[in-house]
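Asks: Quick one: the structure is below, and I'll ask about it shortly.
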Amino acid sequence: MQADRRKALQWLGAGSLATTASALGLGLGLGHARAQSGQSAASNYPSRPVRLVVPYPPGGATDVLARALGEPLGKLWQRPVIVENRPGVGGMIGADVVAKAAPDGYTLLLALPSLVQTPYMVAKPPFDPLRDLTAIGQLCTSSLVLTANSAMPRTLPEVVSLARSQPNKISYGTYGIGTGAHLYMQVFTTGAGAEMLHVPYKGEAPIATDLIGGQISLGTLSPMTVRQHARTGKLQPLAVTGNTRAPMLPDVPTFQELGYKGLDGPAWLGLFTTAGTPQPIVEKISADVETVMAAADIRQRMADLGLIVKTSRPAAFAAVAKADQAYWGNVIKEYNIRLD
């Protein structure tokens, strides 16, 4: 032990200075080499096709966005961007593919907030979204609309009053247990002090059908679907999530405007890639994606889907994802929402 102690003291003494300087020089040299390597890789990126993983089935808004982005991005890069649908487990199957890919920027992920929500709902998540993925940038934001059938009261305060007087008699449909819609509604019903019956569905179409038919009292739907049926009087929009009104439904207030907290964070759609991808490549992808998303035709196409183009760069988007992970993680733990 004394011999070990003497060696430690020698290291801490003057004899260690040369070694420390040498190690520092080596570290700086390696860091410089890595930076040069990253810059070189970025200047040649991409040199082959890029895979864009969508962790949801074909046909939905996320899939449409991926294909609307992939085509012009492929033209800009002069390399094909191949959209690959890998649905399942709230988006975790597709995200896991990207988390375990080579860290070279050739495998991208188009994700929703479920990316940072779903891992809290399973016992052994296969990856950590903030550790195993790197944020590239936000593309769009979206909102959900709490909507009533034609027999229900016409305003949210009236619906809340009715629900308080009839605990668990008012039902609401969402896209399924653990989805963003379910989490929003959990926050809303708790904050409103109104016990309602959750009816999980697989997708939006059956929610709209049962809502119009009167099988459920309320439903969470996209602005595009609501506008279509609100015009005919079959559905009544009550409130939208997010911090601004939905452009498709300018007369519908936000939950925040009506005094309900915790539903003001808009849902994002954004790009990620594998952790460890050289930062110059990440920055190049982000800048090129921002250029593509600024095109008027894409902005209009997204608006037609009820999405708002609102891009951000890697650092800003990483901060949003981190904040959402903390917020929704606490919600999921508090209400013990599980998928397993």
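Asks: Name the residue that is surrounded by the most Cβ atoms within 10 Å (Cβ to Cβ), counting only residues in region 216-243 that are free of Cβ contacts under 8 Å to residues at least 40 places away in the same chain and in a loop (DSSP other than H, G, I, E, B).
Replies: Among those that are free of Cβ contacts under 8 Å to residues at least 40 places away in the same chain and in a loop (DSSP other than H, G, I, E, B), it is Asn243.
Asks: Can you tell me which residue among Ile298, Ile285 is crowded, with 23+ Cβ neighbours inside 10 Å and either in a helix (DSSP H, G or I) or of a type in the set (Asp, Glu) (or both)?
Replies: On the way: Ile298 fails: crowded, with 23+ Cβ neighbours inside 10 Å.
Going through Ile298, Ile285 in turn, just one is crowded, with 23+ Cβ neighbours inside 10 Å and either in a helix (DSSP H, G or I) or of a type in the set (Asp, Glu) (or both): Ile285.
Asks: Here is a further query. Does at least one position in region 247-268 carry a residue that is of a type in the set (A, V, I, L, M) and over 30 Å from Ile177 (Cβ atoms)?
Replies: No - not one qualifying residue is present in region 247-268.
Asks: State all residues of region 200-215 that are in a helix (DSSP H, G or I) and under 21 Å from the mean Cα position of the chain (by Cα); if no residue qualifies, say none. Break it down stepwise before answering.
Replies: Taking region 200-215 first, the residues in a helix (DSSP H, G or I) are 204-213.
Selection gives Glu204 alone.
Asks: Which residue pairs have Cβ atoms closer than 7 Å, lie 6 or more positions apart in sequence or on different chains, and pair a first residue in region 281-310 that is more than 28 Å from Ser47 (Cβ to Cβ) and modelled with pLDDT of 95 or more with a second residue that is part of a helix (DSSP H, G or I) and of a type in the set (Lys, Arg)?
Replies: Taking only residues 6 or more apart or on different chains, the pairs are Val309/Arg299.
Asks: Here is a further query. Kindly indicate the residue of region 77-97 that is in a helix (DSSP H, G or I) and either in contact with a strand residue (DSSP E or B) (Cβ under 9 Å, 6 or more places away or on another chain) or of a type outside the set (A, V, I, L, M) (or both) and also nearest to Pro125 (Cα to Cα) among those meeting that condition.
Replies: Going residue by residue through region 77-97, those that are in a helix (DSSP H, G or I) are 77, 89-97.
With the extra rule that they be either in contact with a strand residue (DSSP E or B) (Cβ under 9 Å, 6 or more places away or on another chain) or of a type outside the set (A, V, I, L, M) (or both), the set shrinks to 77, 90-91, 94-97.
Numbers: Trp77: 34, Gly90: 12, Gly91: 12, Gly94: 13, Ala95: 11, Asp96: 9, Val97: 13 Å.
Looking at the filtered set, the residue picked out is Asp96.
Asks: Right, something else. Consider only pairs whose beta carbons are under 9 Å apart and that are at least six residues apart or on different chains; among these, list those whose first residue lies in region 325-340 and is free of Cβ contacts under 8 Å to residues at least 24 places away in the same chain and whose second residue is among the acidic types (Asp, Glu).
Replies: Short answer, once both residue conditions are applied: none.
Asks: Okay, moving on. Taking interchain pairs and intrachain pairs at least six residues apart, which have beta carbon atoms under 8 angstrom, with the first residue in region 56-83 and under 15 Å from Thr107 (Cα atoms) and the second in a helix (DSSP H, G or I) and among the small types (Gly, Ala, Ser)?
Replies: Pairs that qualify, where the first residue is under 15 Å from Thr107 (Cα atoms) and the partner is in a helix (DSSP H, G or I) and among the small types (Gly, Ala, Ser), are Pro80/Gly74; Val81/Gly70; Val81/Gly74; Ile82/Gly70; Val83/Ala66; Val83/Gly70.
The values are calculated or read from the model by the stated rules, or taken from the named source; none is laboratory data. Keep in mind it's a predicted model, so treat the numbers as computed, not measured. Note: ideal-geometry Cβ built from the backbone for every residue, glycine included; neighbour counts use all protein chains shown.
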